[in-house]
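Taking it in order: structure first as structure tokens, then the write-up.
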Amino acid sequence: MQKFPMTAEGLNRLEGELRHLKSEERPAVIRAIAEARAHGDLSENAEYHAARERQSFIEGRIAELESVIPSVEVIDVSKLSGDQVRFGATVTIIDDESEEEKTYRIVGQHEADTKQGSISLSSPLAKALLGKSVGDTVEVPAPGGARAYEITKVRFR
């Protein structure tokens with residue numbers, strides 16, 4: 001069985017999402033389907049079709065979470081330290097071209113969310129950063145050509 005590295009916070013979020021889907025979303029969509037059925041002809045019933053589509057999404061996500069959660073290997077980031085980039089590190093980088101500073105936390109693939117400042121361990125940027133230290137420059141392949149970034153800070157929470 002393949003193990004997925006994840007932070008404790010990431011596992012808690014996934015478990016919370018699974019509980020929410022099973023206890024609130026699933027019963028709500030079942031009620032919506034029953035209510036839409038009561039309106040009659042299902043072939044032209046948009047509410048029914050929307051509820052069935054939502055049910056399909058919910059059941060798919062539940063199945064995905066139920067297969068991922070048992071395969072999680074929790075990494076205790078609080079016990080990590082050093083100046084080298086690895087799983088759990090929060091890394092501040094500067095784009096050599098635009099001088100724009102960005103900060104990312106390197107996490108497992110199932111908890112990554114760029115809007116929240118976390119990137120997957122398997123992303124091209126994270127792969128380029130792994131094993132590097134403050135002051136190193138990394139080159140990351142991108143659709144518009146390779147981008148260079150300088151690492152300015154590495155910390156562990």
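Summary table below
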| quantity | calculated |
| --- | --- |
| Odd one out for ALA146 among (1) modelled with pLDDT under 95; (2) in the same structural domain as GLU35 (by TED's automatic domain parsing); (3) loosely packed, with under 13 Cβ neighbours inside 10 Å | (2) |
| Residue among ALA46, ALA34, ALA51 that is more than 17 Å from the chain's Cα centre (by Cα) and crowded, with 16+ Cβ neighbours inside 10 Å | ALA51 |
| Candidates SER67, SER71, SER78 - the one that is at pLDDT below 90 and either polar (S, T, N, Q) or under 30 Å from ILE33 (Cβ atoms) (or both) | SER78 |
| Scope region 119-141; condition surrounded by 15 or more Cβ atoms within 10 Å (Cβ to Cβ) and within 13 Å of PRO5 (Cβ to Cβ); matching residues | SER120, LEU121, ALA126, LEU130 |
| Only one of LEU14, LEU42 that is within 23 Å of SER122 (Cβ to Cβ), hydrophobic (A, V, I, L, M, F, W, C) and not assigned by TED's automatic domain parsing to the domain that holds GLY145 | LEU14 |
| All positions within region 8-60 that are in a loop (DSSP other than H, G, I, E, B) and on the phi < 0 side of the Ramachandran plot | HIS39, ASP41, LEU42, SER43, GLU44, ASN45 |
| Region 61-95: number of residues that are surrounded by 13 or more Cβ atoms within 10 Å (Cβ to Cβ), over 17 Å from GLY16 (Cα atoms) and free of Cβ contacts under 8 Å to residues at least 60 places away in the same chain | 4 |
| Some residue of region 91-103 being within 23 Å of the chain's Cα centre (by Cα) and closer than 25 Å to ASN12 by Cα | yes |
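The values are calculated or read from the model by the stated rules, or taken from the named source; none is laboratory data. In this text, all values refer to a predicted model and were calculated from it rather than measured experimentally. Virtual Cβ from ideal backbone geometry, glycine too; neighbours counted across all protein chains shown.
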